[in-house]
1. For the stretch 84-107, which residues satisfy the criterion of being over 23 Å from Asp148 (Cα atoms), assigned to a helix (DSSP H, G or I) and either free of Cβ contacts under 8 Å to residues at least 40 places away in the same chain or within 19 Å of the chain's Cα centre (by Cα) (or both)?
2. Scan the stretch 71-83 residue by residue and report those that are open to solvent by 30 Å² or more (accessible area, probe 1.4 Å) and either under 15 Å from Leu49 (Cβ atoms) or touching a residue at least 12 places away in the same chain (Cβ under 8 Å) (or both).
3. Say we look at the stretch 114-155 and pick out the residues that are part of a strand (DSSP E or B) and of a type in the set (A, V, I, L, M); which of these is most open to solvent (accessible area, probe 1.4 Å)?
4. May I ask you to list the residues in the stretch 31-49 that are open to solvent by 30 Å² or more (accessible area, probe 1.4 Å) and in contact with an Asp or Glu (Cβ under 9 Å, 6 or more places away or on another chain)?
5. Would you pick out the residues in the stretch 174-208 that are in a helix (DSSP H, G or I), in contact with a helix residue (DSSP H, G or I) (Cβ under 9 Å, 6 or more places away or on another chain) and open to solvent by 10 Å² or more (accessible area, probe 1.4 Å)?
Amino acid sequence: MMNKLETVFWDLDGTIADTELFGHRIAFNKAFSSHSLDWHWSKKEYIDLLVYPGGKNRISQYSRIKGLDLSKSLINEIHSTKTNYYKELVISGSIQNRTGVNRLINELMDKRIQQYIVTSSSHKSAETLINSSFDSHRYPFDGLISSDIVNTVKPDPESYLKAIELSGSLPKNCLAIEDSLEGLTAAKSAGLRCLVSLSPWIKEPSSSFFSAELVVDHLGDYNKPNKFFSGSYKASTINFQLLSSLLN
């Protein structure tokens, strides 16, 4: 019997929208300045720091690199300030959804497929972006799993295990869409099939990504076909039929 697609789990930052370099990074730098820290993350430096999922974790790891020992309360304050700056950037409309995201989300809605956000971002940051990016009269998501409701963020599978439980679907009937190796690791560790839509700054994926069922540069749109890096499925756009085929 063929496995039937019931639920799609979406990562948020880097997968749905290109938030990392033009949203979070800028907000972090503003927050550092507000707290009198002489830190300024360049694009390259920030990309390197993305191996540490979660904003608070990123601040903590960077403080160690700089030979500092910031208290947990100060890290929380910096992150809270950063979240407010990030909210301002999102509301200003400076962050756009990635190629093919709206098209695929709408198709999945029409097919009555459950869709969940599974992110290492805070609930406040995630909710701000989602509400800014999607029409409240046609809201596509059935739930949001953020860093606030798990003990350990990706690459730990906890967030995906919680998402599977909330969805009521079996893992064999679910698919995750991710952009990073950390997200792919989390999805696979939770027993999920995974499609990787590479982070915009990754031009050629390492072999570590090839445990995914499919690796593409983006989800594709009618006037902008995608590029396939691995997987036996070929199409100019990622659609419901192709996602369903990845489960079998």
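1. Val101, Asn102, Arg103, Leu104, Ile105, Asn106
2. Leu74, Asn76, Glu77, Thr81
3. Step one: of the stretch 114-155, the residues part of a strand (DSSP E or B) are 114-118, 143-145.
Filter again for of a type in the set (A, V, I, L, M), leaving 117-118, 144-145.
Values: Ile117: 0, Val118: 0, Leu144: 39, Ile145: 0 Å².
My answer is Leu144.
4. If the condition is that a residue be open to solvent by 30 Å² or more (accessible area, probe 1.4 Å) and in contact with an Asp or Glu (Cβ under 9 Å, 6 or more places away or on another chain), then His35, Ile47 are the ones that fit.
5. Hits for the stretch 174-208 are Leu181, Thr185, Lys188, Ser189, Ser208.
So that you can scan it fast, the table gives a plain yes or no per residue for (1) surrounded by fewer than 23 Cβ atoms within 10 Å (Cβ to Cβ); (2) of a type in the set (A, V, I, L, M); (3) outside any helix (DSSP H, G or I); (4) under 20 Å from the mean Cα position of the chain (by Cα):
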| position | (1), (2), (3), (4) |
| --- | --- |
| Ser169 | yes, no, yes, no |
| His218 | yes, no, yes, yes |
| Asn226 | yes, no, yes, yes |
| Phe229 | yes, no, yes, yes |
| Gln241 | yes, no, no, no |
| Asn248 | yes, no, yes, no |
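The values are calculated or read from the model by the stated rules, or taken from the named source; none is laboratory data. Values in this document were obtained by computation on a predicted structure and should not be read as measured data. In this analysis, Cβ positions are derived from the backbone assuming ideal geometry, glycine residues included, and neighbour counts consider all displayed protein chains. Accessible surface is based on the protein model in full, side chains and every heavy atom, while ligands, DNA and RNA are left aside. Shrake-Rupley method; radii C 1.70, N 1.55, O 1.52, S 1.80 Å.
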